[in-house]
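Enquirer: Handing you a structure now.
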Amino acid sequence: MKLKRGYLFVLEGIDGSGKSTHCKMLENWFAEQGITVLRLREPTDGFWGKKIRVLLTEGRKGVSREEELEWFINDRREDVELNILPALKEKKVVVLDRYYFSTAAYQGALGLDPQRIIIDNESFAPKPDRAFFFKTPIEECLRRIHSTRNAVSSFEKKDYLEKVQSLLDSFDDPIIRSIDSFRDREEVHHQLINEIRECFNEGES
Ligand code: TYD
């Protein structure tokens with residue numbers, strides 16, 4: 001299937017909410033439809049993304065929240081320039097595991113202004129066609145995190161994730177679709193596909 005333009009679909013949600021599984025399922029689905037797809041994730045594996053991953057595994061230590069925000073923004077600028085914009089220009093579908101709503105929620109939860117973060121990001125980062133906000137009860141997310149990993153990062157503490165979740169809940173934009181991800185994964189997948197088909201109906205007509 002040849003698309004008239006590129007599309008950007010973003011999956012957001014707290015750690016353990018199921019985004020990554022569904023990014024992969026969507027990637028396979030697009031490929032089955034004969035649609036060229038690029039699956040990406042932020043933080044990336046680039047220079048800034050690597051610095052961020054050290055922060056995640058070793059803790060924030062002396063890094064200030066402003067510095068932390070800057071690293072995520074630098075990482076995103078690279079991702080936008082090197083990966084996202086070129087793919088959209090080639091009319092590909094980009095499936096992105098985390099984007100600027102994560103920055104607004106996670107760095108916003110440190111006391112930075114979430115709306116300012118969104119405005120600053122939208123000055124350089126293309127707006128997604130849809131942002132799917134995954135929601136699973138925090139207790140269940142924590143259970144999943146603990147059962148799949150032996151190390152839990154400082155970003156995955158309950159009180160912090162509660163703040164992140166409440167900020168995610170507060171964001172209001174017509175591109176946002178709330179996805180109850182505490183369900184059978186096939187059901188969630190079908191909901192995503194329906195939303196994507198609807199988006200294509202708008203964009204391709
Ligand atoms: P995550 O999706 O959990 O990566 P992985 O599964 O590969 O470990 O993302 C890593 C963490 O980064 C996660 O706790 C959320 C955090 N994060 C931010 O704080 N701000 C951001 O802008 C982004 C993109 C992620």
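The values are calculated or read from the model by the stated rules, or taken from the named source; none is laboratory data. Since the structure is predicted, the reported quantities are computational estimates derived from the model, not experimental observations. Please note: Cβ atoms are built from the backbone with ideal geometry, for glycine as well, and neighbour counts cover all protein chains shown.
Enquirer: I'm trying to understand the selection: among the residues of region 166-205, which are more than 11 Å from residue 22 (Cα to Cα), among the hydroxyl-bearing types (Ser, Thr, Tyr) and either modelled with pLDDT of 95 or more or part of a strand (DSSP E or B) (or both)?
Expert: Result: 166, 170, 178.
Enquirer: Got a sec? Which of 11, 56, 69, 26 is in contact (Cβ under 8 Å) with a residue 60 or more places away in the chain, touching a Leu at 6+ places or on another chain (Cβ under 9 Å), within 13 Å of the ligand (Cβ to nearest atom) and closer than 25 Å to residue 135 by Cβ?
Expert: Exactly one residue qualifies, and that residue is 11.
Enquirer: So which of 61, 89, 51 is more than 15 Å from the ligand (Cβ to nearest atom), of a type outside the set (Asp, Glu) and closer than 23 Å to residue 124 by Cβ?
Expert: Matching residue, one of 61, 89, 51: 89.
Enquirer: Same structure again: Hey, can you tell me all the residues within region 122-155 that are over 26 Å from residue 58 (Cβ atoms) and in contact with a helix residue (DSSP H, G or I) (Cβ under 7 Å, 6 or more places away or on another chain)?
Expert: Correct list: 124, 125, 126, 129, 130, 131, 132, 133, 134.
Enquirer: Which one is surrounded by the most Cβ atoms within 10 Å (Cβ to Cβ), of the residues in region 156-165 that are touching a helix residue (DSSP H, G or I) at 6+ places or on another chain (Cβ under 7 Å) and of a type in the set (Lys, Arg)?
Expert: So the residue we want is 163.
Enquirer: Return yes when residue 189 is in contact with a His (Cβ under 9 Å, 6 or more places away or on another chain) and either surrounded by 12 or more Cβ atoms within 10 Å (Cβ to Cβ) or over 30 Å from residue 66 (Cβ atoms) (or both) and no when it is not.
Expert: Judged against the criteria, residue 189 is a match.
Enquirer: Okay, moving on. Is it fair to say residue 177 is surrounded by 14 or more Cβ atoms within 10 Å (Cβ to Cβ) and among the basic types (Lys, Arg)?
Expert: So residue 177 passes the test.
Enquirer: Further, regarding this structure: State whether the residues of region 166-175 include one that is touching a Pro at 6+ places or on another chain (Cβ under 9 Å), without any contact (Cβ under 8 Å) to a residue 60 or more places away in the chain and hydrophobic (A, V, I, L, M, F, W, C).
Expert: The answer is yes, given that some residue of region 166-175 is touching a Pro at 6+ places or on another chain (Cβ under 9 Å), without any contact (Cβ under 8 Å) to a residue 60 or more places away in the chain and hydrophobic (A, V, I, L, M, F, W, C).
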